[in-house]
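The values are calculated or read from the model by the stated rules, or taken from the named source; none is laboratory data. This is a predicted model, so every value here is computed, not measured. Here the Cβ is made from the backbone with ideal geometry for all residues, glycine too, and neighbour counts use every protein chain on show. Heads up: the accessible areas ignore ligands, DNA and RNA and are worked out on the full protein's heavy atoms, side chains in. Shrake-Rupley method; radii C 1.70, N 1.55, O 1.52, S 1.80 Å.
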Amino acid sequence: MVNFIETQKPLLSRLMKMAGLRPIEVELEPGTTMHVWAPKHHVGKKGTTISPLEPTAADAKKKKKKKGPESRPNVVLIHGFAAEGNVTWQFNFGVLVSRYNLYIPDLMFFGKSTTASADRSPDFQAECVAGALAQLGVARCDVVGFSYGGMVAFKLAEARPELVRSLCVSGSVVAMTDTVNRETMERLGAGSSAELLMPDTLKGLKALLSVSMYKKMWFPDRFYKDYLKVMFTNRKERMELLQGLITSNMDAKIPVFQQKIMLLWGEEDKIFNIELAKKMKEQLGDNCFLYGIRKAGHLLHVERPCAYNRQLQRWFAYVNSTAGGDQAS
């Protein structure tokens, strides 16, 4: 029987290619490969990656003479826990791709990204994203992170301030502490984050979508069954990723970020509510801004994509207007 979700993927891939993106598999080290949707100028006629890590003097001179797609600001979109990159950002990449060099990685154990490493921490995910961007010649970028991807984005910004110019994070926290995890699970009536985020039954998936969206939406059971078969693969490894997220209250600290940060939030987010976002804004200081989107839950970029995309573009316009040319590929 045809899987509805699986059949959607080729269409989505075709749309992304029409928009000028190409799928690239970047080997970071033996046993670790990250799949990234990247601008087509990285890919030669035979599909090989051609962006140099260290441009030659001739390359720099040529770039000064003629500004091409490579001169655009770089934007990285990091997905959450329920789906890989292209599925997560399918309603958002189209408004960005004409103005920015867009990079959409699949984190480890999502999509086609795999690793033989035993490290399951968000720090390792951030390290892999940084390594892939380095191989693609990206020296400076603005990062957008959703939910689990937001935690990875925070780690990336903390570890690589020379790489990350700004952050836009939705439905996430700087660190998933024991307290935040316990309070969140109790409020949602879930026994654990694995029970909530890695459902294996129709009832579990329906419960996850119910708490993730402001407006209840009806889908046939066939849709839920197809989604379960396709989107929740690598279950053992993803369970370990969830375990690797939890940080002891004793070890938790709020880093001093050098970047400007936008917290773009669904005002009806039931997983990480707007009050948590307000508290996080206070902790992050004057370089952090908060904007709430009405009638939107945790999946605000899917539920209200037009409002989300509009604010995202405004954020990038602000960042670029105040950066003074601080962006290079």
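If you go through the stretch 95-113 one residue at a time, how many are farther than 25 Å from residue 313 by Cβ and surrounded by fewer than 18 Cβ atoms within 10 Å (Cβ to Cβ)? Let's see the steps before the verdict.
Narrowing the stretch 95-113 to residues farther than 25 Å from residue 313 by Cβ: 108-113.
Filter again for surrounded by fewer than 18 Cβ atoms within 10 Å (Cβ to Cβ), leaving 112.
Number satisfying all stated conditions: 1.
Among the residues of the stretch 181-195, which ones are open to solvent by less than 40 Å² (accessible area, probe 1.4 Å), free of Cβ contacts under 8 Å to residues at least 60 places away in the same chain and assigned to a helix (DSSP H, G or I)?
185, 193, 194
Among 129, 173, 169, which is the only one that is open to solvent by less than 10 Å² (accessible area, probe 1.4 Å), in a loop (DSSP other than H, G, I, E, B), in contact (Cβ under 8 Å) with a residue 60 or more places away in the chain and among the β-branched types (Val, Ile, Thr)? Even if it seems obvious, please write down each step before you answer.
On the way: 129 fails: in a loop (DSSP other than H, G, I, E, B); 169 fails: in a loop (DSSP other than H, G, I, E, B).
The conditions single out 173.
Quick check on residue 240: is it surrounded by fewer than 18 Cβ atoms within 10 Å (Cβ to Cβ), under 29 Å from residue 284 (Cα atoms) and at pLDDT 95 or above?
Values: surrounded by fewer than 18 Cβ atoms within 10 Å (Cβ to Cβ): yes; under 29 Å from residue 284 (Cα atoms): yes; at pLDDT 95 or above: yes.
When the stated conditions are applied, residue 240 passes them.
Return the only residue of 302, 319 being modelled with pLDDT of 95 or more, within 21 Å of residue 156 (Cα to Cα) and either of a type in the set (A, V, I, L, M, F, W, C) or surrounded by 19 or more Cβ atoms within 10 Å (Cβ to Cβ) (or both). Give the steps one after another, and end with the answer.
Details: 302 fails: within 21 Å of residue 156 (Cα to Cα).
The match here is 319.
Would you point out which residue out of 207, 153, 157 is in contact with a Gly (Cβ under 6 Å, 6 or more places away or on another chain) and part of a helix (DSSP H, G or I)?
153
Residue 116 is checked against (1) of a type in the set (A, V, I, L, M); (2) within 20 Å of residue 25 (Cα to Cα); (3) open to solvent by less than 20 Å² (accessible area, probe 1.4 Å); (4) at pLDDT 95 or above and fails just one. What number does that condition carry?
Single failed check for residue 116: (3).
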